[in-house]
Amino acid sequence: MNLDSLWSRLPTAPLLFVTVALLWGGSFVAIERGVESWPPLLFAGLRYALAGVLVLGIARLRHTQLAVRTRDDWLAVAVTGVFIIFAHHALLYVGQETVPGAVASALIALSPVVTVLLAPLVVGDDRLTPVALVGVAVGFLGAVTIAGPGGGGDLRGIALIAGATVAFALGSLLLRRVEPTLSLAGMQGWGMLLGAGLLLVGSRGLGEPLTIPGSPVALATLVYLVVGPGVIAFLLYFRLLATVGPSRANLVGYLEPVAATGLAVLLLGYEPTLETLVGFALVAVGFALVDGRRVRGVARTLAGRVRASVA
């Protein structure tokens, strides 16, 4: 049996979900270790400057459309760079100076809940159903539980990461209002470079030292964030999009807190408190209520593909 035949018989969608979740979940662990040595905005800026160059370079080799031509192309790059790269990661990296990566990942997982809450204000649709309202309330109760005295991390750091969640949700909603002709790889790559520039300007504005830590761990965290979540997971996510579709592929974000917590326990000796675990569970219930139809849909899709692969 050749490799192509073997690959075709593997449960591709579940493998992609797990791999992307591990790579993206691992980013929270890498950020937690990295900000112990790196100035946070410099760290984030270098990550996305390098990742942006690599993403655009790979896209170019694959003859992907990268030219920014229309007004909506420019708006899409601007929204990606300002909200999803710059604002989101500036707040996340600074927040993770005092908040464990596992806790940060659970708070970031609230993005779908925040998106549902903001959608009527930003895009004027997506009316909140009673079930979605309950999901929003439960999700935020989970965030409050995590932010409590026994949840892990200080209140300032948690507030910053909550702001990162809002920035990501707002950016995602604003992208719904544009129809770019630019490819997703082009939008992400140019957005990464724009966001990286803003992060580096912010780093200088805050007076962060322009020093490169010499420790192997500090350099390894940067390399991992650039290559793992920034390039490999990005390319695998495209394969996942083609396999299960964009709506269901987005649910990979729901696995990130599980991956981040497991990796933090294994690699950093993280010991979640009972309050943290209760908060995680409430966040999970919240976004399941908000997005239950897609959760059930992707579960059916994955189960079907697993059965087909072993038939």
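Can you name every residue in region 5-50 that is modelled with pLDDT under 90 and of a type in the set (D, E, K, R)? Correct list: Arg9 only.
Is it true that Arg47 is closer than 21 Å to Gly191 by Cα, of a type outside the set (Val, Ile, Thr) and surrounded by fewer than 18 Cβ atoms within 10 Å (Cβ to Cβ)? When the stated conditions are applied, Arg47 does not pass them.
Assessment of region 199-212 against the conditions (more than 24 Å from Val113 (Cα to Cα) and touching an Asp or Glu at 6+ places or on another chain (Cβ under 9 Å)) yields at least one matching residue. Of all residues in region 57-105 being buried (at least 22 other Cβ atoms within 10 Å of the Cβ), more than 14 Å from Met192 (Cα to Cα) and of a type in the set (S, T, N, Q), which is nearest to the chain's Cα centre (by Cα)? For region 57-105, the residue satisfying everything is Ser105. Being part of a helix (DSSP H, G or I), closer than 20 Å to Leu91 by Cα and either at pLDDT below 80 or out of contact with any Gly (no Cβ under 9 Å at 6 or more places or on another chain) (or both) holds for only one residue in Val131, Val144, and it is Val144. Pro112 fulfils the conditions (1) crowded, with 20+ Cβ neighbours inside 10 Å; (2) without any contact (Cβ under 8 Å) to a residue 24 or more places away in the chain except for a single criterion, (2). Exactly one residue out of Gly207, Gly202, Gly214, Gly253 is in a helix (DSSP H, G or I), over 18 Å from the mean Cα position of the chain (by Cα) and surrounded by fewer than 20 Cβ atoms within 10 Å (Cβ to Cβ), and it is Gly202. Annotation: Phe234 fulfils all but one of (1) within 26 Å of Val144 (Cα to Cα); (2) modelled with pLDDT of 80 or more; the unmet one is (1). Every condition in (1) at pLDDT 90 or above; (2) under 24 Å from Ile232 (Cα atoms) holds for Ala106 except the one numbered (1). Of the numbered criteria (1) at pLDDT below 80; (2) over 16 Å from Phe17 (Cβ atoms); (3) under 19 Å from the mean Cα position of the chain (by Cα); (4) not hydrophobic (A, V, I, L, M, F, W, C), the one Arg248 fails is (2).
The values are calculated or read from the model by the stated rules, or taken from the named source; none is laboratory data. These numbers were taken from a predicted model, which means no experiment stands behind them. Here Cβ is always computed from backbone atoms with ideal geometry, including for glycine, and neighbour counts include all displayed protein chains.
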